[in-house]
Amino acid sequence: MEHKIVLIPGDGIGPEIVGEAKKVLDRVCEKSGHTFLYEEVLLGGASIDVHGVPLTDEAVAVARSADAVLMGSIGGNTATSPWYKLEPSKRPEAGLLRIRKELNLFANLRPAYLYSQLKDACPLRPDIIGDGFDMLIMRELTGGLYFGERRTYEQDGLRTAMDTLVYNEEEIRRIAVKGFEIAKKRRNKVTSVDKANVLDSSRLWRKVVEEVAVHYPDVELEHMLVDNCAMQLVRDPGQFDVILTENMFGDILSDEASMVTGSIGMLSSASLNETKFGLYEPSHGSAPDIAGQDKANPIATILSAAMMLRYSLDLDGEADAVEQAVQRVLEQGYRTVDIMSEGCTCVGTREMGELISKAI
Ligand code: IPM
Ligand code: MG
């Protein structure tokens, strides 16, 4: 079968890691007889340099016409890159937020799983790691502080800035449904994370999540305040199955969850709408400090490609094969520098990509 995939290499290490994920996808085609038709579009700084804006209407249209989008990472060094002298709506991140919103990608799935081979890279003590952990952060992606009204102004002679956090019940309901649905396929537990002791938006969140929970009697629901959740993630990560939360809390907690898996270079993600379409990207950033040095870990992007095979292209067997190939290469002791530990073999971005492709 033919599938149309849009690739967005982006900035920093983006082109290198997407290149390796494409190698893996080419190998999947070779083995399975499927055909992937690729088209590349620019996003972020790469688009600013060519078009003067972080995302063009044409790029959105091309992405929309595909079965799925595979992205690397966007953005530069916020202190030194000329992109950050531009007004906020013209910076690289604005392009990413716009494509999420335009394609209605409200559900962001970020699995955080501790590979037994990577226990040594995990910064937590062995007694905390226990039997390991396997959680999924279901982050709302098109609402909240990221998309509320914001402005910077002067009031009473003082520089003042404002961001607003708005959610309506429909936005909460649809992400909650996604959270419960995925929990049913996992270990039947949802931890809904909010700040209901302070925020109105969180109190509504809690109410709507409870209304949705009624339809999932087999799924256990617990509520947790976000500050407590940040603590519990390093105190006892094994307690979590699905963490359901709003946009900003999900952004912060997913970085924390990824670090306890050993490296942010391992964490994949899928951003989905109500259809099969999705945008797949690693949860990490563009790491401009190591760009072009063959040092970046391509595994999060390769695992994102596996999620794409599973969720958007219905190629479950092929997705399993990619995930198993990653496991096998880790078992053989190959590591990129971010997950390196004693006795292992340190390899670069390209070699890691090749090893995984060959292991399929
Ligand atoms: C992420 C990133 C983005 C976000 C940035 C680059 C805008 O941190 O995907 O987690 O905050 O959503
Ligand atoms: Mg983030």
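The values are calculated or read from the model by the stated rules, or taken from the named source; none is laboratory data. As the structure is a computational prediction, the values presented were derived from the model and not from experiment. No Cβ is skipped: glycine too gets one built from the backbone with ideal geometry, and neighbour counts run over all protein chains shown. The protein model used for the area step is the full one, side chains on, heavy atoms only, and it has no ligands, DNA or RNA in it. Shrake-Rupley method; radii C 1.70, N 1.55, O 1.52, S 1.80 Å.
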Could you go through the range 331-346 in sequence order and give the Karplus-derived ³J(HN,Hα) for each residue, using 6.51 cos²θ - 1.76 cosθ + 1.60 with θ = phi - 60°, rounded to whole Hz, and x for Gly and Pro? 4, 6, x, 7, 9, 7, 4, 5, 10, 5, 9, 3, x, 8, 9, 7
Hey, what did the range 1-58 get for relative contact order, percent, Cα under 8 Å, at least 6 apart? 42
Coil-residue trypsin sites (Lys or Arg not before Pro) of the range 270-360, DSSP, other Cβ within 10 Å capped at 14: 276
Averaged per residue, the 1.4 Å probe accessible area of the range 131-260, protein heavy atoms only, in Å², is roughly 49
Considering only DSSP beta bridges whose two residues both sit in the chain, what percent are antiparallel, to the nearest 5? 40
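Kirkwood Rh over Cα pairs of the chain into Stokes-Einstein at 10 °C, 1.306 mPa s: D in µm²/s?
76
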Across every pair of different alpha-carbon atoms, what Kirkwood hydrodynamic radius in Å does the range 1-80 reach? 13.3
Carbon and sulfur together cover what percent of the accessible area of the range 213-360 at a 1.4 Å probe radius? 51
Can you give the longest stretch of the chain with no exposed loop site, where a site means GluC sites (Glu not before Pro) in a DSSP loop (not H, G, I, E or B) with at most 14 other C-beta atoms within 10 Å? 1-148
Enter the accessible area of residue 53 (Å², nearest 10), with the probe set to 1.4 Å and all protein chains included. 50
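Of the beta bridges DSSP finds with both residues in the range 131-260, what % are antiparallel, to the nearest 5?
In the range 131-260, approximately 30 percent of DSSP beta bridges are antiparallel ones.
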Which entries in 185/358; 276/358; 101/276; 22/358; 189/276; 185/276 show an alpha-carbon gap greater than 19 Å? 185/358; 276/358; 189/276
Using unit Cβ charges (K, R positive; D, E negative) and no other charged atoms, how large, in debye to the nearest 20, is the dipole of the range 131-260 about its Cα centre? 200
If I compute solvent accessible area with a 1.4 Å probe over the protein chains, what percent of it on the range 6-126 is carbon and sulfur? 52
Between residue 206 and residue 252, how many nm apart are label points set 7 Å from Cα along the C-beta direction? 1.7
